[in-house]
Amino acid sequence: MKRMKSFKLTPAIITFFFFIIFFFASCDKYDTDIEGDVAIYLLDEYTTGEGSRSILNSGIVLEDEPIVSYNEIISYNSVTHTFKITGAAAEKLTDLYQSAFAVTIEGVIIYTAYFWSALSSQIVDWVVTDLVTVSQSNKMEIKLGYPYLMEDMNIPDNRNDNRILSVFKRDNKLID
């Protein structure tokens, strides 16, 4: 019967493991060189998928000025996908039910969504934020689908795109 040789951790192996742990622990998941600001624009032109509210990536035209500028965004919570905005910004959104918008960085569209209402009975197979919540709390919680994400909904989730998180982290506006 053969006996297994005992495995000894040499100082070199221990040092190697500490180096690997230190390397991965020190990696920053945010882009520290990110430039630009996050802003929310209404869509002037867009196309939806057939029989769907999904907004197609081609043919999108943003309005000239943002509906919510970066200065009006107080913070972003990456866990709840919620923008905390100023009261003045929230007031501008009150009459935008079913309006499409885009979350952008320097005019580059990160994702699109709709302003919706919790009072609506329509199902939406796209990204939405509830205007009732916005008017009551100055918070835009971005959700996948309305009234919730249903099994047959195929909605891309870019709410925590690294570029968005990096901008907010850079300016101490990120809650994670």
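The values are calculated or read from the model by the stated rules, or taken from the named source; none is laboratory data. What you see is a predicted model; the values in this text were computed from it and never measured. Glycine gets a Cβ as well: all are built from the backbone with ideal geometry, and neighbour counts include every protein chain shown.
On inspection, Ser137 does not qualify as polar (S, T, N, Q) and in contact with a Leu (Cβ under 9 Å, 6 or more places away or on another chain).
Selection of the stretch 138-176 for residues being of a type in the set (Ser, Thr, Tyr) and either closer than 18 Å to Ser78 by Cβ or surrounded by 14 or more Cβ atoms within 10 Å (Cβ to Cβ) (or both) yields Tyr146, Ser166. The residues of the stretch 78-104 that are among the polar types (S, T, N, Q) and without any contact (Cβ under 8 Å) to a residue 40 or more places away in the chain amount to a single one, Gln98.
Residues that are charged (D, E, K, R) and at pLDDT 90 or above within the stretch 11-48 comprise Glu35, Asp37, Asp44, Glu45, listed in sequence order.
If I go through the stretch 130-153 residue by residue, how many of them are in contact (Cβ under 8 Å) with a residue 40 or more places away in the chain and either small (Gly, Ala, Ser) or at negative phi (or both)? Summing the residues that are in contact (Cβ under 8 Å) with a residue 40 or more places away in the chain and either small (Gly, Ala, Ser) or at negative phi (or both) in the stretch 130-153 gives 7. Among the residues of the stretch 88-116, those identified as buried (at least 19 other Cβ atoms within 10 Å of the Cβ) and of a type in the set (Gly, Ala, Ser) are Ala89, Ala90, Ala100, Ala102, Ala113. For the stretch 44-74, name all the residues that are under 17 Å from Ala89 (Cα atoms) and of a type outside the set (S, T, N, Q). Within the stretch 44-74, Glu63, Asp64, Glu65, Pro66, Ile67, Val68, Tyr70, Glu72, Ile73, Ile74 qualify. Just to be sure before I move on: is Tyr76 in contact with a Lys or Arg (Cβ under 9 Å, 6 or more places away or on another chain) and modelled with pLDDT of 95 or more in the structure I sent? For Tyr76, the condition - in contact with a Lys or Arg (Cβ under 9 Å, 6 or more places away or on another chain) and modelled with pLDDT of 95 or more - is met. Selection of strands (runs of 3 or more DSSP E) fully inside the stretch 45-141 by the criterion of at least 3 residues being over 25 Å from Leu165 (Cα atoms) and within 20 Å of the chain's Cα centre (by Cα) returns nothing.
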